[in-house]
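Below is one structure, written out as structure tokens; the observations come after it.
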Amino acid sequence: MITPTSTRVGLEHRAFTLVELLVVLVIVAILSALSLAGLAGVRDRSKADKTRSTIRKLNEVIVPQFESYLSRRVTTSGSFPQQCVGAATFTAGGTPVMMASGAYSTAINRLWAQRLIMALEMPDQWNDVMAAGSAAVPLWTLTTPVRRYARYKNQ
């Protein structure tokens, strides 16, 4: 036989109380906060890995180009072989450079010539890209990459 009190007890157990719902919501909020904190660390690591990958790719392109300058022959002009420009001064990145004289002049002039070619062929910024045919750029430095940069800048 069913009494009114036994029916009432059965109905009370079928529903959740407000306190139980709030406890569940707090637990879910804590778990989601922990998972988002973990994802933030993963996101930072992925950004760092992407940056490392980009640096590695740039290194693979730039290092062989840079190493080619170690054995690259500098085309010279002028009446003396040790004067790589043929004049007393030339401009490297907007700075006038005096040609060396003395016992080590050939080596020093070759070094400055290589530095100028490197700055023109691998520019850091648009200011380093010189207009091909301008007076600031010696004719012997107008290699194919320098002409290509100048053409691109002029367009």
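Before moving on, here are some points about what is shown:
- Being surrounded by 14 or more Cβ atoms within 10 Å (Cβ to Cβ), among the hydroxyl-bearing types (Ser, Thr, Tyr), out of contact with any His (no Cβ under 7 Å at 6 or more places or on another chain) and modelled with pLDDT under 65 is not true of Thr141.
- Gln65 vs. criteria modelled with pLDDT under 60 and in contact with a helix residue (DSSP H, G or I) (Cβ under 8 Å, 6 or more places away or on another chain): no
- Some residue of segment 98-105 being under 26 Å from Ser71 (Cβ atoms), modelled with pLDDT of 65 or more, surrounded by fewer than 18 Cβ atoms within 10 Å (Cβ to Cβ) and under 27 Å from the mean Cα position of the chain (by Cα): no
- Subset tally (residues that are in contact (Cβ under 8 Å) with a residue 40 or more places away in the chain and among the polar types (S, T, N, Q)) for segment 26-74: 1
The values are calculated or read from the model by the stated rules, or taken from the named source; none is laboratory data. Fair warning: this is a prediction, and the values are worked out from it, not measured in the lab. Glycine also receives a Cβ, built like all others from the backbone with ideal geometry; neighbour counts cover every protein chain displayed.
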